[in-house]
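**Student:** Let me give you the structure first, and then I'll get to my questions.
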Amino acid sequence: MKPLYSIQEVSQILGIPKDTLRYYDRIGIVSPAREDNRYRRYSRSDLMDLMNIQILQFADLSLNEIKGKFGFHRMEEVDPAECLKVASFLDAKNAETREKIAHLEKVSQLLELAAETLRDLNHESDQRLAAFVREIYQTIRRNENGISEEGCFGHED
């Protein structure tokens, strides 16, 4: 017989609060077997699913995305077409993540330059900061075509 784990044991093994495990069961993302007394009994496969869910959440996927794209219920046969859909979804998520990283790199450079400018306040450092801010603004305008130049600079104070 395969070992089964109580909700308390799973919580301790994986560091997932028991309320979270109950919620996952309630929404059908991981539904462990039930004993006659209605206690949840988790299999090793359930533990693997829970670990995968933690990894996907760490990768910034929502529970809705996880539930919708990853059927954590064992399939007898894996559908290659479904695998391709999931792979495409992961590729899109990866591209989105890379865009966020690029954005955060720019933010980090901006903060570093702003701090440097404030430490050594002079015309040259102020001009470097202004040029960098203009570059970021132009990048934003290229990426979000909804902002017109008149909308930002054309108004009178």
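**Student:** I want to confirm something. Restricting to region 4-48 and keeping residues that are among the hydrophobic types (A, V, I, L, M, F, W, C) and assigned to a loop (DSSP other than H, G, I, E, B), which single residue is surrounded by the most Cβ atoms within 10 Å (Cβ to Cβ)?
**Tutor:** Once the filter is applied, the top-ranked residue is V30.
**Student:** Filter region 117-134 for residues that are open to solvent by 80 Å² or more (accessible area, probe 1.4 Å) and assigned to a helix (DSSP H, G or I); which is nearest to D60 (Cα to Cα)? Can you show your working first?
**Tutor:** Filtering region 117-134 for residues open to solvent by 80 Å² or more (accessible area, probe 1.4 Å) gives 118-121, 123-124, 127-128, 134.
Checking the rest, the ones that are also assigned to a helix (DSSP H, G or I) come to 118-119, 123-124, 127-128, 134.
Details: L118: 35, R119: 36, H123: 42, E124: 40, Q127: 37, R128: 35, R134: 31 Å.
Here the residue is R134.
**Student:** Something else: Restricted to region 49-58, and to residues that are open to solvent by 50 Å² or more (accessible area, probe 1.4 Å) and aliphatic (A, V, I, L, M), which residue is modelled with the lowest pLDDT? Can you show your working first?
**Tutor:** Let us first name the residues in region 49-58 that are open to solvent by 50 Å² or more (accessible area, probe 1.4 Å), namely 51-52, 54-55, 57-58.
Within this subset, residues satisfying the condition of being aliphatic (A, V, I, L, M) are 51, 55.
Details: M51: 92, I55: 88.
The extreme case among them is I55.
**Student:** May I pose another question? If the requirement is being assigned to a helix (DSSP H, G or I), open to solvent by less than 60 Å² (accessible area, probe 1.4 Å) and modelled with pLDDT under 90, which of these qualifies: A95, A87, A102?
**Tutor:** Answer to the selection: A87.
**Student:** Is at least one residue of region 61-76 farther than 18 Å from S31 by Cα, open to solvent by 90 Å² or more (accessible area, probe 1.4 Å) and either outside any loop (DSSP other than H, G, I, E, B) or modelled with pLDDT of 80 or more (or both)?
**Tutor:** No, region 61-76 contains no residue that is farther than 18 Å from S31 by Cα, open to solvent by 90 Å² or more (accessible area, probe 1.4 Å) and either outside any loop (DSSP other than H, G, I, E, B) or modelled with pLDDT of 80 or more (or both).
The values are calculated or read from the model by the stated rules, or taken from the named source; none is laboratory data. These numbers were taken from a predicted model, which means no experiment stands behind them. Because the Cβ atoms are built from the backbone with ideal geometry, glycine has one as well, and the counts that use them run over all protein chains shown. Keep in mind that these areas ignore ligands, DNA and RNA; they rest on the heavy atoms of the full protein, side chains included. Shrake-Rupley method; radii C 1.70, N 1.55, O 1.52, S 1.80 Å.
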